[in-house]
Amino acid sequence: MIECLITAPQSGGGKTVMTCALLAALQQQGVAPCAFKCGPDYIDPMFHRAVLGIESHNLDLFLSSETDVRQLFARYAAGHGAAVCEGVMGFYDGIGGTTTRASAWHLADTLDLPVLLVLRPKGASLTLAATVRGLRDFRTNSHLAGILLNDCKPMLYQSLAPMLERETGLPVLGYLPPMAEAKFQSRHLGLYTVGEIADLNKRIDALGKQAQKTLDLPGIRKLCSRPALVSEKEKQPVPSRVRIAVAQDEAFCFCYEETLDALRQAGAEPVFFSPLRDAALPRNCSGLYLPGGYPELYARELSRNEKMRIAVKQALQQGLPAVAECGGFLYLGQTLEDVQGVSWPMAGALPGKGIRTEHLVRFGYAELKAQQDSMLFRAGETVPIHAFHYWDSTYNGDACKASKPVGNRSWKCGIATDRLFASFAHLYMAGTPQLAQRFAAAAEQYEREQSLCQNRKN
């Protein structure tokens, strides 16, 4: 089995392009790869899944323990011919930018993965070797195993490759030339999503074919070969006891697959629906999960779907257990300002109004401490979360206190009751499975109450 982690000295070095190219090439060769993303990222795994529909999962060493990460990696990689992990930011950049915790290096060290370093030779040549040597020697075991060049012309590669090998002692395992297919646009929360990029399948296919020509795939295979993985604790499917409606469309696309799996393991069956297009919540659901996404880009369409807005508000008023994260939190508010500054009516289940700020409001990892008992939390409990948003609310709640893991910054946030948790915080229930268990339990209780009411009516 091929196992590796793709990293770079900094963001914007081409990790996603190189990862997609390698995955596509391996898929085209019949290797049956799977993909992983280091850190709290929703968009890059979308790109991985777009490569002929392969599996992709997040591995996060702040949101979950090293033991959990090893188990998740073994579980999801088992049965595949390759497991390619995409790093985050620069190789050693972890929490707060001042530690290696939760960095790409931390993941490589936890899983003992060979690391392929992506370099973009723009405006540098010999200095690239100094960069590589610095990265190699920064920690006793850097796990650096090879170099890949991105956006590199063939003639330049011919001169750079032998120099880098001579100066660093690491093999150079090929390159990707400048390609129009490799240019993916970004917006305020990262890359455009896969559904917004024209001819994505064609572009990924082209990247894969190019990778077969100019990447040293036999060399990568030899360097990164590991015994086939077998999940140590393969979890058996849990019979579904309750159904939870999960928003999933262009406006609500930030949902961890591992969180959905945690809900399934808690006995809850996710049932997907679209707040953009559906007129009602799915039938026979006893819970509601509204993940994050880009509701601000679809504020008009969400607002014009009045039937769904009314259905969501009425469901929450009737006690339907609900979790709403970031974009889902904004959707539950009174109004939401779009990118043009126009405010549109939303579900109206919460008091706040969603407003545009033009800057990152709260960013990165944090620890969420519950100030009171609620559906998901017990007073005094602390769980890891992350946040990333340019929009804010006029009422963020005060059920929890969020604190940055580095420094002394903190803020009150969250609206929490025995049937609701709504906040800008993104949860990772695979790392805190008690959250999934409590959510499922609340849904079961709601279902029992509804059955009792129905029996009394009859």
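Derivation of every value follows stated rules applied to the coordinates shown; laboratory data play no part. None of these values were measured; they are calculated from a predicted model. Note that we place each Cβ from the backbone using ideal geometry, even for glycine, and neighbour counts take in every protein chain shown.
Side notes on the structure shown:
- Here the residues Lys15, Lys353, Lys202, ranked from fewest to most Cβ neighbours within 10 Å of their Cβ, fall in the order Lys202, Lys353, Lys15.
- Scanning the chain for cysteines with no neighbouring cysteine C-beta under 4.7 angstrom from their C-beta gives Cys20, Cys34, Cys38, Cys85, Cys152, Cys253, Cys255, Cys285, Cys326, Cys400, Cys413, Cys453.
- Overall, the anisotropy analysis places region 242-457 in the oblate class: the square-rooted eigenvalues a ≥ b ≥ c of its C-alpha gyration tensor yield a/c not less than 1.5, with a/b not exceeding b/c.
- Size of charge dipole - region 232-310 - debye, nearest 20, with Cβ of Lys, Arg +1 and Asp, Glu -1, no other charges: 420 debye
- Comparing Cα centroids, region 396-441 and region 58-95 end up 23 angstrom apart.
- Only lysine pairs 8 or more places apart or on separate chains count here, and in region 242-457 those with Cα atoms under 19 Å apart total 7.
- What the Cα atoms of the chain give is an Rg and a Dmax of 23.0, 83 Å.
- Gyration tensor (alpha-carbon) shape descriptor, region 1-63, a/c threshold 1.5: prolate
- As computed over region 2-223, the Cα convex hull volume per residue (Å³): 118 Å³
- Degrees separating the helix 306-317 axis from the principal Cα axis of the chain, which is the longest one: 70 degrees
- Rounded to the nearest 20, the size of the Cβ-charge dipole of region 2-223 about its Cα centre is 460 debye, with Lys and Arg at +1 and Asp and Glu at -1.
- About the centre of its Cα atoms, the chain shows a dipole size close to 180 debye [charges on the beta carbon of Lys, Arg (+1) and Asp, Glu (-1) only; nearest 20 debye].
- Projecting the Cα atoms of Ser56, Pro162, Val172 onto the charge dipole of region 2-223, computed from C-beta unit charges around the Cα centre, puts Pro162 farthest toward the positive end.
- Here the sum of -39500 (n - 2.57) over DSSP H runs of 4 or more residues, divided by the residues of the chain, equals -10000 deg cm²/dmol at 222 nm, to the nearest 500.
- In this structure, the amide hydrogen of Val242, modeled 1.01 Å from its nitrogen in the peptide plane, lies closer than 5 angstrom to those of Glu269, counting only residues at least 5 positions away or on a different chain.
- Helix 200-214 axis, angle to the chain major axis (alpha carbon atoms, nearest 10°): 20 degrees
- Net charge in the neighbourhood of Gly293 (other residues with Cβ under 11 Å of its Cβ; Lys, Arg +1, Asp, Glu -1) is -4.
- Region 329-448 shape via C-alpha gyration tensor axes, a/c threshold 1.5: oblate
- Here's the picture: charge each Lys and Arg Cβ at +1 and each Asp and Glu Cβ at -1 in the chain, and of Gln212, Pro384, Leu302 the one pushed furthest to the positive end of that dipole is Leu302.
- Antiparallel content of DSSP bridges confined to the chain, in %, to 5: 40 percent
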